[in-house]
Amino acid sequence: MNMHNQINLEYALIKYFSDKATPEEEMFVQQWVSQSSDNTSYYHKIQRLWIQRIVL
């Protein structure tokens, strides 16, 4: 994944976790997660960090 795609992914994940994603962004995240086990693992890692941010 190139840097531009990584930035778009990070932005989409932040919007997804903050419940501000558009339907298109939600679909993008869901499709990306389903593409590989690495993507799923990364998604869960970022999700845990997002939840910890809220708790702390």
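The values are calculated or read from the model by the stated rules, or taken from the named source; none is laboratory data. For clarity, every value in this text was computed on a predicted model and none was experimentally measured. Here the Cβ is made from the backbone with ideal geometry for all residues, glycine too, and neighbour counts use every protein chain on show. What goes into the accessible areas is simple: the full protein's heavy atoms, side chains included, and nothing from ligands, DNA or RNA. Shrake-Rupley method; radii C 1.70, N 1.55, O 1.52, S 1.80 Å.
Positive end of the charge dipole of the range 11-56 (Lys, Arg +1 and Asp, Glu -1 on Cβ, about the Cα centre): tell me which of 32, 54, 12 has its Cα farthest that way.
So the residue we want is 54.
Divide by every residue of the chain the summed helix terms, -39500 (n - 2.57) for each DSSP H run of at least 4, and state the resulting mean residue ellipticity at 222 nm, rounded to the nearest 500 deg cm²/dmol.
Values: 3 runs with 46 residues, N = 56.
That comes out to -27000 deg cm²/dmol.
Output wanted: per-residue J couplings in Hz (rounded whole) for the range 34-44, from phi through Karplus 6.51 cos²θ - 1.76 cosθ + 1.60, θ = phi - 60°, x for Gly and Pro.
For the range 34-44, the Karplus-derived couplings read 6, 6, 6, 5, 5, 5, 4, 4, 4, 4, 5 Hz, x marking Gly and Pro.
About the Cα centre of the chain, how large is the charge dipole given +1 on each Lys and Arg Cβ and -1 on each Asp and Glu Cβ? Please answer in debye to the nearest 20. Don't jump to the answer; show the numbers that get you there.
Working: 5 positive and 6 negative charges, 53 e Å.
The dipole magnitude comes to about 260 debye.
Kirkwood hydrodynamic radius, the chain, all distinct C-alpha pairs: what's the number in Å? Provide the component values of the computation, followed by the final result.
Details: mean 1/r = 0.0863 Å⁻¹.
It is 11.6 Å.
Leaving out ligands and nucleic acids, note down the accessible area per residue over the chain with a 1.4 angstrom probe, in whole Å².
Using a 1.4 Å probe on heavy atoms only, each residue of the chain averages 78 Å².
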